[in-house]
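Remarks on the structure that follows.
What follows is calculated from the coordinates using simple rules that are stated; it is not laboratory data. Treat the numbers as computed from the prediction; the structure is a model and nothing was measured. Heads up, the Cβs are rebuilt from the backbone with ideal geometry, glycines too, and the neighbour counts pull from every protein chain shown.
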């Protein structure tokens, strides 16, 4: 922290755009200045393009498979054959594999985390900028393998690659595992970078408990990424060895144990579920504070609950395998620990609700997504507790009930928090505002379409509709029809969001430095930030002390009153 | 600001924003060299944690199959050569010592010593990989590569390569029937050697002989090999003696060896020795699993040794250019951490794979 600069600028900032006309986007030109960039913001943007492209691909697979299920109700038009069933199997596999490995896991950490984490720390970059770039290249390499899978016979194992089927199917399992393996490195490098950055690059005055909650969430996520992903790596390597050399470790015909694969796989993939949701929860904490204009209620509880979820998440993988022949005792223990994950999750929900209580809530688009998150996550989380119960799970195992549950969490909750975060930081990232009306219409379509698609699946599942089937009995037709229509509404909503963003880039009005009045450090620099993030060192105070930001109508944004901030900070120290 | 913008060739956070008070090796986004050093170290420790978990998966698979198929492992490990394994352990431990020494030299700014130590460490890696190559070659010769190439591979309940299988059984049975007696001695608390009155300095000759005869397939003679093990582990000061002798020993030593071996094995002739006929027919079909696990574990470890060697070669190259000094030695320190982990993993692999009983 430079004392001289502080004295010069004690009058505050935020009134005008940052000094000079350059920012990280137009700082240097040419394709190579992007492909070789070490700037975390540019890497975040490159991740954004790549990850959203993968989202589009995986989403189209979803629409296609929902359409196939709809058509099934009119067998005269589209008779079901082995051929169409194979196509269906490939569609749901690619849908799952692409969206899990290439969208949900990297979306928040790699896009918003890369973009925002160093800014929130008032730092110039992440601790290891080169590794950061390498992680993007790993992502692209992994994506290339998946592209190869698409062109070379597809994949029909489901995203879980369960043995022994995955060792015997003729589809491109080896290429897909190689892709997921490399994507794992991308994830590890991001997590490693964030851990080191949060430990080492916090500014003077920002202790652990003055960190924005988004950073706590990213930190917890990083722990999982770093500790769980290598286990997936070795699992996939063994699977590849199994397929190529027939080593036999997972193949019962060769004396191996296929259930061992499931253990290995879920030892990674259950914690990975928290890689998907935890950073989203971090976003929600930020949105709640900013749009209720209040200190987050129970800051330390939310912070620690992230860590608790990360650690408990390592101990519950067996609940995916209740029907795989585990002993009753093992099942009971896993069931019990699974229930306990509900505690830190509920702590978060109740703290957010308490934050809203008596807050001055502004229903801006990001806040609408935060509200949708609470709704969807509550449903997704509570049905997760249902499924954690042994007796119910054995009935509901591999039915649409499970499908609905994890879509509520992994799509409903994660996707709404991601889009909410994108809207929230959009002005910071691009320096442009978006059309609020279009954004709100899109929000409604997404929220409505999502519930239409997936709520009905709880019912279908509880009636016995099994997952991953291309065919179904006539009595399930109505559920599938409604679900498919819902998915179209959801898709329209998502395309509207895309339109909204593109329109903002093309013709959106200029964004002020701080359109929402948040006080985390990213709002202490211009929008978009300059190449070196901060021209002057930002003023570190309580992350959610927003009273020093005054609304200025002329710029439709907030202006920082540093003298007031110092005064407030003094008061809070007492 | 505008001056800096002229550097359009800059690809991000490059030198153009290098604060003037920063030393050249300090990246722009760190405030102090200490902060940069600590960050690098933390990053490497976190990375090592990922390595531990990655190998953890393999150790877990090992533990499960070892527990479920005890006899398969007791049988299969007979194909491994303890002597080479032990030698490799020494080589790797020595290279860890030179690495640590090199780090110290870097910290103290002793350029020449640093280069020497990095070179020795690299050569340790070379030595390890060469010995590994010799071992793999032996497996190759006996058709013990993993998967469908393995002599013990069964297809539809029938051996895929009946002839190769016979040869492999002969090979392992031969080693096991001899090796067991030695194992017994070893199990006797490590003082068996003293009881048998084998002088330490005879060890190299015995060992060498064991190697030779082992390949002859004459089961009863190979027993000398574990004797050496006992000798070497019972007397760490004599570790050097277990290295293969430089020149072929006098064949006349053979008799002495057999005598010694005979003396050693008398008390417990064929006790827990697992031979092919001792395996149930279900277990016989799983022997190839041992080799699958052996090759996955040592193969992945070997890959890490290779990566470590590349790292050390790079450090050597940097050091040669004079990149390191008292104030800047972080890469050596951090690279050293990685090398020690590679060493550490082998310290676990060696007993788990080579010293089963």
Largest first, please: the extent of the C-alpha atoms of segment A:369-488 along each principal axis, to the nearest Å. 51, 29, 19
Estimated inter-spin distance, residue B:97 and residue A:141, nm [label 7 Å along Cα→Cβ]: 3.7 nm
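If each residue of separation counts as 0.36 nm, what is the full-extension length gain between residue A:300 and residue A:134 once their alpha-carbon separation is subtracted?
Working: separation 166, 0.36 × 166 = 59.76 nm, distance 3.39 nm.
Answer, rounded to one decimal: 56.4 nm.
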Label segment A:344-424 by shape, choosing from rounded, prolate and oblate, from the square roots a ≥ b ≥ c of the eigenvalues of the Cα gyration tensor; if a/c is under 1.5 it is rounded, and otherwise prolate applies when a/b is larger than b/c, oblate when it is not. oblate
Can you pull the three principal axis extents for the Cα set of segment A:512-574, in Å, largest first? 36, 28, 17
What distance in nm separates the simple spin-label points at residue A:165 and residue B:314, each placed 7 Å from Cα in the Cβ direction? 4.2 nm
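When the chain is fully extended, how far beyond the present Cα-Cα distance does residue A:336 get from residue A:468, taking 0.36 nm per residue of separation?
On the way: separation 132, 0.36 × 132 = 47.52 nm, distance 2.81 nm.
Stretched fully, the residue A:336-residue A:468 segment lengthens by 44.7 nm.
Compute the orientation-averaged projected area for segment A:173-253 from the convex hull of its Cα atoms and round it to one decimal in nm². Let's see the in-between values first.
Values: hull surface 25.7 nm².
For the Cα atoms of segment A:173-253, the hull's average projected area reads 6.4 nm².
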Compute the distribution of all C-alpha to C-alpha distances in segment B:82-135, in bins of 5 Å from 0, and list the percent of pairs in each, rounded to whole numbers. 5, 24, 26, 18, 12, 9, 6, 2
With Cα atoms, 0 to 90° folded angle of helix A:129-151 axis to chain A main axis: 30 degrees
Debye-sum result for chain A in log10 I(q)/I(0), which assumes one identical scatterer on each alpha carbon, at q = 0.09, 0.12 Å⁻¹: -0.67, -1.19
Cα-based Rg / Dmax (Å) for segment A:177-313: 18.7, 62
Theoretical gain in end-to-end length, residue B:34 to residue B:348 [0.36 nm per residue, Cα-Cα removed]: 109.7 nm
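Taking the Cβ-Cβ separation of residue A:346 and residue A:29 as r and a Förster radius of 45 Å, what is the calculated FRET efficiency to the nearest 0.05? Kindly include the intermediate steps, with their values, before the conclusion.
On the way: r = 50 Å, r/R0 = 1.11.
So, using R0 = 45 Å, E works out to roughly 0.35.
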With runs of 4+ DSSP H residues as the only contributors, calculate the mean residue ellipticity of chain A at 222 nm using -39,500 (n - 2.57) per run, divided by the residue total and rounded to the nearest 500. -21500 deg cm²/dmol
